[in-house]
1. Of the peptides 381-390, 41-50, how do they stack up when ordered by the mean number of other Cβ atoms within 10 Å, highest first?
2. Can you work out the Karplus-derived ³J(HN,Hα) for every residue in segment 380-389? Use 6.51 cos²θ - 1.76 cosθ + 1.60 with θ = phi - 60°, whole Hz, and x for glycine or proline.
3. Could I have the simple spin-label model distance between residue 136 and residue 385, label points 7 Å from Cα toward Cβ, reported in nm to one decimal?
4. Where Rh denotes the Kirkwood radius from the mean inverse Cα pair distance, what is Rg over Rh for segment 111-263?
5. Under a 5 Å amide H to amide H cut-off, with H placed in plane at 1.01 Å, what residues pair with residue 153 once short-range neighbours are removed?
6. Give the order of 77, 318 when sorted by the count of other beta carbons within 10 angstrom, beginning with the fewest.
7. Positive end of the charge dipole of segment 235-331 (Lys, Arg +1 and Asp, Glu -1 on Cβ, about the Cα centre): tell me which of 270, 285, 309 has its Cα farthest that way.
8. PRE reach from residue 34 (point 7 Å along Cα→Cβ): which of segment 62-88 fall under 18 Å by backbone N?
Amino acid sequence: MKKRGVALVMAAVVAAMGISGCGGKAKKDSETGKAEKIRLMVWSPSEDQSKDSGEWLQTTCEDFAKLHPEWDITFVYGVADEATAATQVAQDPEASADVFMYANDTLTTMTDANALAKLGGKYREEIEKTNSEEVLSSLVKDSELYGVPFTTNTWFMYYDKSVFSEEDIKNLDTMLKKGAVAFPLTNSWYTPAFYIGNGCTLFGDGTDESKGVDFSGKKAVSVTDYLVDLAANPNFKIDADGSGLAGLRDGSISAIFSDSWDANAVEEALGENMGAAALPSFTLNGEQKQMMSYAGSKAVGVNPYSKNMVAAVELAVYLGSAEAQMTHYELRNVIPCNTELLADEKVANDPLVSAQNDTFNKTSILQPFVAKMNNCWVPVENMGKGIRNGSVTHENAAEQTEAMNEAMNSDGI
């Protein structure tokens with residue numbers, strides 16, 4: 001514990017001095033004039049390191065090294081996707097990577113373990129200058145910034161332009177009159193879109209655990225009733241295990257909801273008829289309600305135990321830079337969030353970019369990353385499964401909705 005405490009104090013000192021912009025680059029060895037030898041361990045998803053992606057991570061790190069001749073860098077690459085990196089780092093930060101990719105909803109896991117460095121000074125200024133307030137807010141806790149964003153993280157709609165017009169896609173119920181739509185009703189990352197769209201809330205603005213979850217009352221029950229009817233519509237298909245994509249391929253389904261990771265598969269299925277758009281509204285008791293997805297970001301984080309803190313922070317900033325985001329986008333369809341890139345004509349005119357960022361900025365809420373959010377996933381999943389298998393009906397919708405709300409506000413079920 002004593003060693004851990006010393007390391008945290010040193011990390012704080014570096015954060016206050018080196019990371020705040022006093023002295024940025026390391027100096028060459030004063031006696032030999034040679035570059036300082038350093039080792040940086042970097043983790044990212046396997047897709048970033050594959051030949052299919054042009055070995056994006058390795059190439060970008062090598063480009064970084066060329067920009068910093070003051071360091072003779074040995075890179076050590078490891079595989080950890082954004083969802084699981086937090087668990088690994090939090091369990092043993094001293095044995096983890098210097099730099100890693102993570103999903104913002106795992107931020108609290110790492111800060112509670114003192115396993116994520118704060119970014120301040122000139123680095124924070126640079127990050128704030130090239131990102132929207134919405135993106136930045138996904139990485140801020142107690143006024144401290146904990147990472148370099150490189151993409152927004154939410155879901156939107158893909159559709160067949162030969163079936164639906166631009167007017168049709170504004171409303172889900174209109175779409176269901178013209179073609180089959182698949183939606184992952186048993187996936188609790190998606191289903192809250194209807195409840196939130198009708199005024200249900202999670203932890204106030206998403207940051208106040210004391211306010212709990214409000215998926216109760218008439219506003220929530222009316223959504224459950226709507227979803228029971230939706231599931232009974234022959235043109236509504238419950239998407240699971242790739243059935244939506246399969247339907248796009250064989251023509252039995254004309255729209256699905258997913259993230260940018262399915263872009264290539266959707267394009268293969270629909271070709272020139274591929275469309276992408278922000279979330280539609282839905283008609284609830286004669287009123288238009290806007291579907292609202294969860295949204296967050298993916299970021300490059302820095303380990304506060306890094307023995308080469310300045311170099312690690314410089315690398316993190318570079319991996320999240322406009323240049324790196326552009327190659328990430330070109331090689332892997334990772335949608336950029338850098339505001340300068342989003343103003344680029346080539347990027348701005350991509351419907352995929354517009355769909356994801358319009359959803360993030362206009363039809364989403366920031367996914368809460370408070371600890372009690374972990375209690376919310378299973379109850380919503382069970383509600384979706386109950387609607388699918390018919391155990392949730394109009395007759396028991398109020399009872400089942402209240403049970404879901406109670407479970408979301410408990411310490412787990």
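Just so you know, all these numbers are worked out from the coordinates, no wet-lab data involved. Computed from a prediction, not measured in an experiment: that's the story for all the values here. For neighbour counting, all protein chains shown are included, and Cβ atoms are generated from backbone atoms with ideal geometry for every residue, glycine included.
1. Details: 381-390: 18.0, 41-50: 20.3.
Packing order, densest peptide first, comes out as 41-50, 381-390.
2. With coefficients 6.51, -1.76 and 1.60, one gets 6, 4, 5, 4, x, 5, x, 5, 4, 8 Hz.
3. Going by the 7 Å Cα→Cβ label model, 4.2 nm.
4. My calculation of the ratio gives 1.06.
5. Under 5 Å from the amide H of residue 153: 296, 297, 298.
6. Details: 77 16, 318 19.
The most exposed by this proxy come first: 77, 318.
7. Ranked along the dipole, the leading option is 309.
8. Under cut-off, by backbone N: 69-75.
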